[in-house]
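Colleague: For reference, the structure I am asking about is given below.
What follows is calculated from the coordinates using simple rules that are stated; it is not laboratory data. All figures in this text were calculated on a predicted structure; none of them were measured in a lab. Note that each Cβ is placed from the backbone with ideal geometry, even for glycine, and that neighbours are counted across all protein chains shown.
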Amino acid sequence: MTENLQCIGCGATIQTEDKEKIGFTPKAALEKGMETGELYCQRCFRLRHYNEIQDASLTDDDFLKLLHEVGESDSLIVNVVDIFDFNGSIITGLHRFVGNNPILLIGNKKDILPKSLKVARLTQWMKERANELGLKPVDVLLTSAKKPENLEEILSSIEHYRNGKDVYVVGVTNVGKSTLINKIIQSRAGLQEIITTSRFPGTTLDKIEIPLDDGHFIIDTPGIIHRHQMAHYLGKKDLKIIAPQKEIKPKVYQLNAEQTLFLDGLARFDFIKGDKQGFICYVANDVTIHRTKLAKADEFYEKHKGGLLTPPRADEREHFPRLVRFEHSIKEKSDIVFAGLGWISVKGPAIVAGWAPEGVDVLVRKSLI
């Protein structure tokens with residue numbers, strides 16, 4: 001850690017150890033910056049030279065301070081979530097912090113969901129789930145940050161709902177928030193004049209302000225780490241396996257009671273009791289699904305974890321958290337959701353169990369499709 005050196009762009013404390021944390025600067029860039037007197041963190045450097053915002057993550061305490069700052073402002077809150085991992089990317093309790101500020105909810109990664117899922121149905125589903133969590137968004141929009149065909153619609157909605165105020169863009173890590181903001185930057189003139197501004201007083205938070213024509217700003221905030229996502233237990237190679245890059249192809253399995261599905265070595269689904277029925281798996285296309293008998297499932301997992309059941313990889317299996325069991329009685333069509341990995345649609349009635357690494361949520365929701 002390099003103490004007492006701060007980025008002149010955003011005010012973050014400079015550090016050279018962790019690329020994922022705020023203030024990261026490569027050692028070579030640190031030395032050059034100290035020579036020239038222009039010391040920028042990598043995040044600010046890439047914004048200034050490439051008009052590209054990189055996501056940065058906060059601790060829980062830092063994020064609470066950020067939410068209080070947002071709540072005390074008079075602004076529009078744009079909350080970006082991952083449609084594929086809605087429950088894992090929603091900010092629990094956000095409604096308690098934003099005060100009277102309106103919230104515009106933007107669901108990202110719509111391009112990876114099956115095209116059979118209609119936009120109107122998905123938008124309504126998101127609105128209902130947000131309401132259940134206490135959020136009352138003024139509107140719900142869908143996009144794909146990589147190819148935002150509806151970027152102008154998003155910008156028009158932001159302009160409409162901000163009503164001459166600043167805009168805070170918030171979200172957990174890995175939802176594509178900064179990718180979306182990069183597209184907004186690229187779509188606007190005067191890009192070379194963008195500068196980063198100082199951190200919130202008394203903290204090591206940084207924010208990046210994108211100037212609007214009327215003197216107000218779109219303010220990008222670092223992402224919060226959501227600790228119940230599968231992604232936090234995997235390396236970068238395995239993240240590429242579980243994070244869908246293109247449209248998901250649902251996989252259907254006809255199961256009898258007392259049969260089990262393994263989603264690689266990352267999660268497990270037990271069909272405990274009920275009539276023979278089809279179960280539809282919605283996971284990234286690179287995730288391999290293995291079927292076995294429930295009675296032999298424990299033995300199967302111990303034998304093949306890190307081999308046939310990869311990820312986790314063989315050299316990581318000893319450090320990978322144990323799988324924890326969540327049993328559910330399903331009476332109507334529902335999804336068993338493995339946070340950050342995907343879901344299995346259950347027609348029911350049935351008694352099932354979902355297993356996930358300790359610390360990762362498995363929950364039941366009203367069927368999305």
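Colleague: Could you give me D for region 227-326, from Stokes-Einstein at 4 °C and 1.567 mPa s, where the hydrodynamic radius is the Kirkwood radius over C-alpha pairs? Units µm² s⁻¹, please.
Modeller: Values: Rh = 14.3 Å.
Rounded to a whole number, D works out at 90 µm²/s.
Colleague: Now a separate question. Please count, across region 129-193, the pairs of lysine residues with Cα atoms under 25 Å apart that sit 8 or more places apart or on different chains. Mind dumping the intermediate values first?
Modeller: Values: Lys136/Lys165; Lys136/Lys177; Lys146/Lys177; Lys146/Lys183; Lys147/Lys177; Lys147/Lys183; Lys165/Lys177; Lys165/Lys183.
Lysine pair count for region 129-193: 8.
Colleague: Which residue fluctuates most in the GNM of the chain (Cα springs below 10 Å): Asp270, Asp238, Asp335?
Modeller: Asp238
Colleague: Among the lysines, select those whose C-alpha is under 23 Å from the C-alpha of Lys296, and discard any that sit fewer than 8 residues away in the same chain.
Modeller: List returned: Lys251, Lys273, Lys276, Lys305.
Colleague: Please find, in a Gaussian network model of the chain (springs between Cα atoms separated by less than 10 Å), the residue of Val138, Val337, Val81 whose mean-square fluctuation is greatest.
Modeller: Val138
Colleague: Percent relative contact order of region 310-369, based on C-alpha pairs within less than 8 angstrom and at least six residues apart?
Modeller: Details: 101 pairs, mean separation 23.0, N = 60.
This gives 38 percent for region 310-369.
Colleague: Relative contact order of the chain: what whole-number percent is it, with Cα pairs under 8 angstrom and at least 6 residues apart?
Modeller: Numbers: 759 pairs, mean separation 53.9, N = 369.
Worked out over the chain, it gives 15 percent.
Colleague: Which distance in Å, rounded to a whole number, links the C-alpha centroids of region 291-369 and region 141-175?
Modeller: 34 Å
Colleague: Let me ask something else. Highest GNM mean-square fluctuation, the chain, Cα pairs closer than 10 Å: which of Leu180, Leu308, Leu113?
Modeller: Comparing Leu180, Leu308, Leu113 in a Gaussian network model of the chain, the most mobile one is Leu308.
Colleague: Specify the longest stretch of the chain that does not include any exposed loop site, a site being one of the GluC sites (Glu not before Pro) with a non-H, G, I, E, B DSSP assignment and at most 15 other Cβ atoms within 10 Å.
Modeller: Values: sites that count: Glu3, Glu17, Glu20, Glu38, Glu149, Glu247, Glu258, Glu318, Glu332, Glu358.
The reported range is 39-148.
Colleague: Any lysines with Cα under 16 Å of the Lys19 Cα? List them, leaving off those in the same chain fewer than 8 positions away.
Modeller: Lys27, Lys236
Colleague: Got a sec? How would Thr36, Thr25 order by Cβ neighbour count within 10 Å, fewest to most? The partial results should precede the final answer.
Modeller: Values: Thr36 8, Thr25 25.
Least to most surrounded, the residues fall as Thr36, Thr25.
Colleague: List the DSSP H helices in the chain whose Cα atoms stretch 15 Å or more along the helix axis and whose mean Kyte-Doolittle hydropathy is at least -1.0.
Modeller: Working: long enough: 60-72 (18 Å, -0.51); 119-132 (20 Å, -1.07); 151-162 (16 Å, -0.38).
TM-like helix candidates: 60-72, 151-162.
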